Every structure is written in structure tokens, then in C-alpha cells.
């Protein structure tokens with residue numbers, strides 16, 4: 001009787017284990033992938049790449065879950081903390097340190113180390129000399145100028161502002177064309193967007209958020225003050241203040257002359273049938289061409305995943321030259337991480353995409369820091385107070401310095 005009971009327990013335990021891991025019992029593995037590309041124009045390409053991977057790898061399925069930039073990071077944080085993280089997760093470049101420092105991502109350096117020279121943009125995926133995330137699609141922002149308004153303002157059709165003085169003069173002259181014309185598009189208080197419009201001027205001035213050794217914040221420096229003063233004066237005097245999407249609408253409608261935007265606006269212009277004569281150029285600095293904000297989409301494997309090898313196999317498939325070219329051509333993305341993809345004639349033969357390529361080489365990523373999401377929020381609150389609530393600039397920057405330094409003193 002005891003032997004019978006013991007045998008029954010063993011059988012039931014085995015059956016329960018199989019039922020809890022159905023994909024293994026059926027010989028099929030399902031990879032859960034959380035990603036942010038939900039635009040109907042590009043989602044079919046994402047699904048095609050996943051389907052092609054499944055065809056090339058019988059026994060592996062990819063289940064895609066869509067996230068939004070509005071609350072995607074919060075959902076990812078919750079999933080990791082609750083032990084329900086997907087096998088593969090797409091992360092913004094400035095989010096990676098938060099998860100790698102918390103020991104929530106699988107180390108992939110041994111598997112991809114030999115191929116790092118083939119890709120741009122590894123630094124955000126590296127924490128304490130180990131690789132935790134694979135660069136996929138990079139992105140920066142450039143200056144867009146309405147050429148028709150530029151000519152009406154008295155400029156040559158090929159003029160581009162080289163420094164802050166020329167940019168200011170250009171925006172003022174365009175703004176003076178008529179009451180319904182604005183010289184500059186200035187971002188409203190949008191999460192994850194406002195600070196990306198200010199940081200190009202901040203970095204171009206030579207300002208820094210943290211000291212080189214990370215021991216204190218330098219955000220309240222004279223250079224930071226001058227950058228904020230320049231941006232606020234441009235915004236207050238000739239700026240149309242609105243959301244990113246509405247600023248782009250206004251640019252396409254011919255009611256704003258100069259805006260800062262990414263390659264997604266090229267896609268709108270090319271695919272939307274917009275009749276607009278425009279120029280793209282590098283964001284100006286105080287005296288010389290300036291820096292811009294660069295970020296990107298990174299792919300990481302959860303440390304919780306039971307299928308790490310298969311997950312990494314899918315990441316390498318998604319980021320290979322052919323699939324990056326397919327994605328970029330369909331989405332009109334300017335900056336693939338694969339170097340051989342970036343050398344394709346699709347990019348080298350387009351003057352606007354080349355501007356993005358040049359700007360990328362003059363751009364900066366935020367400091368690789370686990371506190372970056374909190375620093376980003378502090379910067380955005382500071383900008384909102386100064387730009388929209390008329391807070392004194394020096395006091396606001398000093399408060400930002402104190403708030404940033406609290407993040408490190410709390411360790």
C-alpha cells in the first residue's frame with residue numbers, strides 16, 4: 001500500500017510539472033516578447049520578422065505583446081518585480097542601467113562579444129563591464145526648416161543656421177512674416193519628450209549633469225544657465241508651444257518655420273503625401289554645430305527566462321543586417337545599429353538620412369546610470385517650472401542639483 005501511494009505521488013508530481021510547462025511537454029518553446037512598435041504602418045513588418053524566425057526555427061514560437069511609451073516602463077518594472085517578466089523585452093537606451101544594475105537582465109557578453117565590432121551603440125547596454133542589452137534601432141533629433149518660409153524671410157534657399165545667433169535671427173525673421181506664422185516649435189510638458197528638446201542646447205553649451213566622477217551634480221553651472229536662458233527666450237519670443245505631434249502638424253501645414261524632430265517626421269512627409277519644401281540640418285551650438293540627444297531601442301533577455309539561448313537567438317535574428325534593413329526601409333528609420341546596414345545605399349543615397357547619420361556622430365547619450373529615469377524626471381520638472389511657470393532659472397537649476405544629489409546620498 002505504501003509503495004502504491006509513493007508511486008501515485010511520483011506520477012502526479014510529474015504530471016503537474018508537465019502541465020505547468022506545456023510548451024516543453026509539446027516540444028514547442030514559446031518566447032514572450034514585449035515591444036513598443038505599435039504603429040499600423042510598421043507592426044506588420046515586426047510580425048513578418050517574427051513569423052520568418054518561426055519558420056526558420058521549427059519548435060520556437062514568438063508571442064508579441066505591445067507596450068506604449070506612456071506606461072510601458074511601469075509595466076516592465078512591475079513584471080520584473082512580480083516575477084512575470086517576458087523572455088525578451090525592448091528597452092529605451094536610458095532604461096537599461098536601471099534593470100541591469102538590479103540584476104534583472106541576463107548577461108550576454110560571452111555570446112555576443114565577438115560580434116560587437118559589427119554594431120554601433122553598445123555603451124547603454126553595458127553595466128560593470130558586462131553586456132546586458134543588444135542595440136537595435138538608434139535615433140537622434142535634427143533641425144527641420146520650412147524652406148518656403150525661409151525664402152519668404154529673405155534667406156537663400158540653401159541657408160542653414162550654423163550657431164545660436166544665426167538660429168535666433170532665422171526664427172525671428174520667419175516669425176515676422178505674419179501673425180499666424182511662428183518661428184520656432186517649442187515642446188509642451190510631455191513626459192519623455194521635453195527634456196530631449198532642451199538637452200541638445202545644454203550639451204552644446206558644454207554643460208554636464210554630473211561631474212566626471214559622479215560625486216556631485218553640475219546642472220546648476222553657468223553653461224547650463226546660458227543654455228536654458230537661450231531656449232526660454234526662443235520659446236517665449238517666437239515659439240509655438242504644443243505637443244510634439246501638433247508641432248509637427250504645424251510644421252507640415254506651414255505655420256511654424258523651425259522645429260526639432262526625429263526621423264519619424266521624414267516618414268510622415270514621405271508617406272503622407274505632404275507638399276512641403278524643407279531642409280534638415282544639424283542642431284546649432286553656441287558657435288559651432290552642436291550636439292543632439294541620441295537614444296535607441298535595446299533588446300534584453302530576462303534573467304528569469306527559462307529559454308535564454310532561444311531568446312538570444314531571436315534577438316540576433318531581429319538585429320541582423322537584412323532584418324534591420326527591412327525594418328528601416330519600412331519605417332524610414334535613419335540609424336540602424338548594424339554597421340553594414342547603415343552603409344546601404346538606402347541611407348547613403350538620401351541627403352536627409354545622411355544628416356541624421358552626421359548628427360548621430362555629434363550626439364550624446366545620457367550618462368549610463370541606474371538613476372537616470374529619476375534624473376530625467378527632475379530635469380523635466382525643472383524645465384516645466386522655468387518655461388511654463390516662470391520660475392527663476394538659477395534657483396530652479398540649483399534645486400535640480402540638490403534633488404539629483406539626493407538620489408546618490410540615499411544609497
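Readers should treat all values here as calculations from the given coordinates under stated rules, not as data from a laboratory. Not measured: the values here are computed from a predicted model. Glycine also receives a Cβ, built like all others from the backbone with ideal geometry; neighbour counts cover every protein chain displayed.
Please arrange 165, 90, 405, 226 by how many other C-beta atoms lie within 10 Å of their C-beta, fewest to most.
In increasing order of surrounding Cβ atoms, one gets 165, 405, 226, 90.
Alpha carbon centre of segment 306-342 versus segment 212-281: separation in Å?
Between the Cα centre of segment 306-342 and that of segment 212-281, the gap is 29 Å.
Once you order the gyration tensor axes a ≥ b ≥ c over the Cα atoms, which shape class does segment 267-411 get: rounded for a/c under 1.5, otherwise prolate or oblate by comparing a/b with b/c?
Cα axes put segment 267-411 in the oblate bin.
Pull out a ≥ b ≥ c, the square roots of the eigenvalues of the alpha-carbon gyration tensor of segment 217-306, then state rounded if a/c is under 1.5, prolate if not and a/b is larger than b/c, and oblate in the remaining case.
Oblate is the answer for segment 217-306, as a/c is 1.5 or above yet b/c matches or exceeds a/b.
Report the FRET efficiency, 1/(1 + (r/R0)^6), for residue 374 and residue 157, where r is their Cβ-Cβ distance and R0 is 30 Å, rounded to 0.05.
So, using R0 = 30 Å, E works out to roughly 0.10.
Fewest Cβ neighbours within 10 Å first, please rank 288, 398 accordingly.
288, 398
Report, for the chain, the % of DSSP beta bridges that are antiparallel, rounded to 5.
Of the beta bridges lying entirely in the chain, close to 60 percent run antiparallel.
Take the chain, connect every pair of alpha-carbon atoms lying under 10 Å apart with a spring to form a Gaussian network, then pick out the residue of 58, 161, 366 with the largest mean-square fluctuation.
Sorting by GNM fluctuation, first place goes to 58.
Per q in 0.09, 0.22 Å⁻¹, report the Debye log10 I(q)/I(0) for segment 26-163, using one uniform scatterer on each alpha carbon and no solvent.
The calculated log intensity ratios at q = 0.09, 0.22 Å⁻¹ are -0.42, -1.47.
Taking N as the number of residues in segment 168-235, what is its alpha-carbon radius of gyration divided by 2.2 N^0.38 Å?
For segment 168-235, the normalised Cα radius of gyration comes out at 1.35.
Distance between Cα centroids, segment 29-72 to segment 137-156: provide it in whole Å.
Using only Cα atoms to place each centre, the spacing works out to 35 Å.
With springs only between Cα atoms under 10 Å apart, run a GNM on the chain and tell me which of 36, 184, 356 wobbles the most.
36
Name the most mobile residue of 144, 155, 127, meaning the one with the largest mean-square fluctuation, in a Gaussian network model of the chain with Cα contacts below 10 Å.
155
Can you classify the chain as rounded, prolate or oblate using the Cα gyration tensor, where a ≥ b ≥ c are the square roots of its eigenvalues, rounded means a/c under 1.5, and otherwise it's prolate if a/b beats b/c and oblate if not?
Verdict is prolate for the chain.
What relative contact order, as a whole-number percentage, does the chain give when Cα pairs under 8 Å and 6 or more residues apart are counted?
That works out to 24 percent.
Once every DSSP H run of n ≥ 4 in the chain is given -39500 (n - 2.57) and the sum is divided by its residues, what mean residue ellipticity at 222 nm do you get, rounded to the nearest 500 deg cm²/dmol?
Counting only the DSSP helices, I get -14000 deg cm²/dmol.
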